[in-house]
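The structure under discussion appears below in the form of structure tokens.
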Amino acid sequence: MPKIRRITFFKAVSTVSQKIADSTHQIPEIAFIVARIELDNGVTGDGYLLAFHYSPKAILGALQDIAPMALGREVSHTGELLRHHEKESEYFGNVGLHRWAAGLINVAMWDAWAKTLDVPVWKMFGVCHDRVPLYGSGGWLSYSMQELLDEVTRYIKRGFRAVKVKVGSPEIQRDIERLTKVREAVGPHVRIMMDANQGLILPAAMELARAAQPLQIAWFEEPLHRTDYDGYQQLRQHAGMSIATGEREFDLVTLRELIRRNAIDLWQPDLLRLGSVEAWRASAALAQAHHIPVLPHYYKEYDVPLLMTVPNAYGAESFDWVDEIITNPIRMKDGFAYPSEGAGWGFNFRDDRLTELASF
């Protein structure tokens, strides 16, 4: 099996980058860090993480720490690298930046490994599906009402059958007004979801959920802080809609605690935060054991292929942020996403969109 001989990190910025905001974040730039590994057989593999503007020196430092651990290692030895990195990063803490760094290298290794075998990543596992529902995401609190309505109607014209809207405004009535206008714009047959990005406390989340019930909200995402397990339990009992969470998790502790309390309907793993394809699939297996569907966070280029491999796939999230800077974006038709038949993850980053940060 070929070995890793070179690792290069790049920055890339979305062609649709703009200032956006939700209930807990002000985001000035839509930017990514890309890892490209080169094997001694000449095959390359790409991986990327959604960085925005956050901690650029810290995440690059974590990547510079893990890169030497990966050099010279057989590309198929993904688990071996994860174990070694966990041991070496334990002193300052495995979760957080170290887990992000491990996830980026892991995703690139899977890409290069599958390309070496000339197969799609998803066909390296047992295949359960050939497509998965895809919903249009966005609905930022920073949008004007017209910008919000323009976005959701564009999604519907493109064939999406579900859209997500941010909530968590200082005044709940503004959230209800925005949701009501979206419902009027998309009609009764399109699913609408709302996402608070952990920006509410339990009384406010209860009030918002009750007020939104007539609008037939499909799920309420991250209503509370990720560790408010008892709050999630109470909210699920009274919200009148499904509760979704998981995108902020670096391990399975929150999923385990919410399962114990019967406090979650939809599990939302973030591949890069969990730190590997292996951890993503392990989380899906734990959710499956408790009859909880999987609805991953953000990375449709990876999540759509991985959802093909688990029985409890529920859907994938769609942003267009990388579509113009990669080859072969995910194909969507009539509200469903289809995995690429190309080797690896089925796409590469365009060289002219990359700015080199470091190389090993």
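The values are calculated or read from the model by the stated rules, or taken from the named source; none is laboratory data. Since this is a predicted model, take the numbers as computed values, not measurements. Cβ: placed from backbone, ideal geometry, glycine included. Neighbour counts: every protein chain shown. All accessible areas refer to the heavy atoms of the entire protein, side chains included, with ligands and DNA or RNA removed. Shrake-Rupley method; radii C 1.70, N 1.55, O 1.52, S 1.80 Å.
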Where only alpha carbons of segment 43-107 are counted, the Rg and the Dmax (Å): 11.6, 34
Once the Cα gyration tensor of segment 135-190 is diagonalised, semi-axes √(5λ) in Å: 19, 11, 9
Separation between Cα centres of segment 1-47 and segment 125-193, rounded to whole Å: 27 Å
Crossing angle, helix 277-289 versus the chain [Cα axis fit, 0-90 degrees, rounded to tens]: 40 degrees
Computed label-point distance, nm, for sites Asn262 and His291 using a 7 Å Cα→Cβ extension: 1.1 nm
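Short version: what are the Cα gyration tensor semi-axes of segment 1-151, square root of 5 times each eigenvalue, largest first, in whole Å?
Details: eigenvalues 198, 89, 40 Å².
They are 31, 21, 14 Å, listed largest first.
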Largest-first principal axis extents, alpha carbons of segment 201-360, Å: 50, 33, 33
Surface/4 of the Cα convex hull for segment 1-75, nm²: 5.9 nm²
Extension gain, Glu278 back to Asp334 (0.36 nm per residue minus Cα-Cα distance, nm): 17.1 nm
Degrees, to the nearest 10: 145-157 long Cα axis against longest axis of the chain: 70 degrees
Residues whose placed amide H lies under 5 Å from that of Asp270, excluding near-sequence neighbours: Glu249, His297
Within straight-line cross-link reach of Lys11, lysines at Cα separation under 30 Å, skipping those fewer than 8 residues along the same chain: Lys3, Lys19, Lys57, Lys87, Lys115, Lys123, Lys164, Lys166, Lys300
10 Å binning of all Cα-Cα separations within segment 245-316, expressed as whole percents from 0 upward: 23, 62, 15, 0
Burial order of peptide ranges 8-14, 80-86, 183-189 (average beta-carbon count within 10 Å, highest first): 8-14, 80-86, 183-189
Cα coordinate range in segment 129-277, projected on the principal axes (Å, largest first): 40, 39, 25
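With each run of n ≥ 4 DSSP H residues scored as -39500 (n - 2.57), what mean residue ellipticity at 222 nm is computed for the chain after dividing by its residue count and rounding to the nearest 500 deg cm²/dmol?
Details: 11 runs with 130 residues, N = 360.
Roughly -11000 deg cm²/dmol at 222 nm, from the helical runs in the chain.
Please work out the FRET efficiency for the pair Ile201 and Gln26, using the Cβ-Cβ distance as r and a Förster radius of 22 Å; give the result to the nearest 0.05.
Values: r = 20 Å, r/R0 = 0.93.
My answer for the efficiency is 0.60.
How large is Rg over Rh for the chain, taking Rg from the Cα atoms and Rh as the Kirkwood inverse mean of 1/r across Cα pairs? Don't skip to the answer; put the middle values down first.
Working: Rg = 20.0 Å, Rh = 20.8 Å.
My calculation puts Rg/Rh at 0.96.
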Cα-based equivalent ellipsoid, segment 266-306: semi-axes from gyration tensor eigenvalues, Å: 16, 11, 8
Computed E for Thr327/Asp150 - FRET, C-beta separation, R0 41 angstrom, nearest 0.05: 0.90
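Just to confirm, what accessible area per residue do you get for segment 75-131 at 1.4 Å probe, in whole Å²? Mind showing how you got there, number by number?
Working: 2720 Å² over 57 residues.
About 48 Å² of surface per residue is accessible.
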Angle between the chain longest axis and helix 78-89 axis [Cα atoms, degrees, rounded to 10]: 80 degrees
Amide N of segment 5-38 lying under 14 Å from the label point, which is placed 7 angstrom from the Cα of Arg350 along Cα→Cβ: 12-17
Residues of segment 266-360: accessible area per residue with a 1.4 Å probe, Å²: 34 Å²
Most fluctuating residue given options Asp150, Asp195, Asp175, as computed from a GNM of the chain linking Cα atoms under 10 Å: Asp150
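Per residue, how much accessible surface does segment 9-58 expose to a 1.4 Å probe? Answer in Å², no decimals.
Values: 2060 Å² over 50 residues.
On a per-residue basis, 41 Å².
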Mean Cβ neighbour count within 10 Å, used as a protection proxy, ranking 291-304, 323-336 highest first: 291-304, 323-336
Accessible carbon and sulfur surface of the chain relative to its total accessible area, %, 1.4 Å: 49 percent
Whole-Hz ³J(HN,Hα) from phi, Karplus 6.51 cos²θ - 1.76 cosθ + 1.60, for segment 185-193, glycine and proline x: 6, 9, x, x, 9, 8, 6, 10, 10
Rough spin-label spacing in nm, given labels placed 7 Å along Cα→Cβ, for Ser55 and Ala185: 3.4 nm
